[in-house]
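Encoded as structure tokens, the structure appears first; notes follow it.
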Amino acid sequence: MSDDDRSRRGFLKGAGIVAGGLLGESVLADAAGQAQNGSGASSMSKGARFRAALAKGQPLLLPVVESIILTRLCEIEGFQGGFMGGSGMAARNALPNTSIQTVQEVIDYEVHVMSNTDLPIVADGENGGGSPVTTYRTVQKLERGGAAVIMLEDSTGPESEYGGKGVAMATKTVMVGRIKAAVDARRDQSTLIMARCDRPAKGYGEAETLDLLTALSEAGADAFFINGYTLDQQQRAKTALKKPLMIGSSGPATEWHAKGVDMAFYHIDDIGIGAMYIALKELKAKGGPFDEAAKMRLPRDVAAKVIDQADWLARAKRYGVIN
């Protein structure tokens, strides 16, 4: 076994993944290898572990992750999945989250993070690039990059993102095509295809929305994110579709889970930049140390674990870099 394999196994054990029952000792190296290079798939691929987490019937909390460090912190804390969206790419470029960035930019950003963590990720495929044909390639790239779940939305791009009530969205025909293309493109059948529907948030009615969702379910969508539905509407959709639902939430898991929602993503990603902003204001005001903001620093022992510091130190000694 290589030093890299030992390091990866040690990190996974430290993260509590084995204790969580989702990975057995015999498949740790295989799962980690898939996360690194996207080679093949086994019964314990990221998608399979995400499905196993859903099958437990407990609310699945998905922190929004925007970096390798944040995904590894999620592993350490025992989270069973995370969420990456185009919002992270937009924030990185100081852009509004309105699909201004290209789909390829989003793919590259997400794959960079996903290939360096074993955390199962719901990866945003935006609108797949527009056409179902480009959606096929988008799904290929995200699956190879390590996505456990690939989400595709009913937007047309910035036109529908910026538009208000009643704005034109991708047609039913196009959306069905996107989902069919995604199902055909995936190679690991445990990888979930999630359909995102923004129609309710744009003023479309419940009946029209459900008609689209039913068609997408029949086309092969495994799960849904219905943006703009109330919890009662989510419950009705769950009864009709009988497939997992995800929402964006800051509310208690007990509330949305009681309405049939299976998972929710929480935007913790913007807290970090907020803390740095507080530190900047304190530094400017005091003309010196930012003592209050410094209390929010990551503990040194946790930071050392996240970057595998002990393993890299051991390598440096082994290769004669240090004595």
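Before moving on, here are some points about what is shown:
- Number of positions in the stretch 109-122 that are part of a loop (DSSP other than H, G, I, E, B) and surrounded by 19 or more Cβ atoms within 10 Å (Cβ to Cβ): 4
- Single unsatisfied condition, residue 89 versus (1) buried (at least 23 other Cβ atoms within 10 Å of the Cβ); (2) at pLDDT 95 or above: (2)
- Highlighted here are the helices (runs of 4 or more DSSP H) found entirely within the stretch 217-323 that include at least 1 residues which are farther than 26 Å from residue 67 by Cβ and open to solvent by 70 Å² or more (accessible area, probe 1.4 Å): 231-241, 253-258, 269-286, 309-318.
- Residue check for residue 144: under 21 Å from the mean Cα position of the chain (by Cα), of a type outside the set (Val, Ile, Thr), more than 19 Å from residue 96 (Cα to Cα) and open to solvent by 20 Å² or more (accessible area, probe 1.4 Å): yes
- Residues (under 26 Å from residue 230 (Cα atoms), out of contact with any strand residue (DSSP E or B) (no Cβ under 9 Å at 6 or more places or on another chain) and open to solvent by 40 Å² or more (accessible area, probe 1.4 Å)) located in the stretch 175-200: none
- Residue pairs whose Cβ atoms lie under 7 Å apart, sitting 6 or more positions apart in sequence or on different chains, and linking a residue in the stretch 92-103 that is in contact (Cβ under 8 Å) with a residue 24 or more places away in the chain to a partner that is among the hydroxyl-bearing types (Ser, Thr, Tyr) and part of a loop (DSSP other than H, G, I, E, B), are 99/155.
- Leading residue by the ranking (modelled with the lowest pLDDT) among those in the stretch 141-169 that are charged (D, E, K, R) and part of a loop (DSSP other than H, G, I, E, B): 165
- Per-region count, the stretch 99-108, residues part of a loop (DSSP other than H, G, I, E, B) and surrounded by fewer than 16 Cβ atoms within 10 Å (Cβ to Cβ): 1
- Index of the failed condition, residue 160 passing every other in (1) open to solvent by 10 Å² or more (accessible area, probe 1.4 Å); (2) touching a residue at least 24 places away in the same chain (Cβ under 8 Å): (1)
- In the stretch 217-231, the residues that are at pLDDT 95 or above reach residues that are of a type in the set (Lys, Arg) and assigned to a loop (DSSP other than H, G, I, E, B) with C-beta atoms within less than 7 angstrom, at least six apart or across chains, in these pairs: 217/243; 222/243; 223/243; 224/243; 231/259.
- Yes/no for residue 64 being touching a Phe, Trp or Tyr at 6+ places or on another chain (Cβ under 6 Å), within 27 Å of residue 171 (Cα to Cα) and open to solvent by less than 20 Å² (accessible area, probe 1.4 Å): no
- A single member of 129, 125 is surrounded by fewer than 24 Cβ atoms within 10 Å (Cβ to Cβ), touching a residue at least 24 places away in the same chain (Cβ under 8 Å) and of a type in the set (Gly, Ala, Ser), and it is 129.
The values are calculated or read from the model by the stated rules, or taken from the named source; none is laboratory data. Quantities reported herein were computed from a predicted structural model and do not represent experimental measurements. Glycine also receives a Cβ, built like all others from the backbone with ideal geometry; neighbour counts cover every protein chain displayed. Protein only, heavy atoms only, side chains kept; ligands, DNA and RNA dropped before computing areas. Shrake-Rupley method; radii C 1.70, N 1.55, O 1.52, S 1.80 Å.
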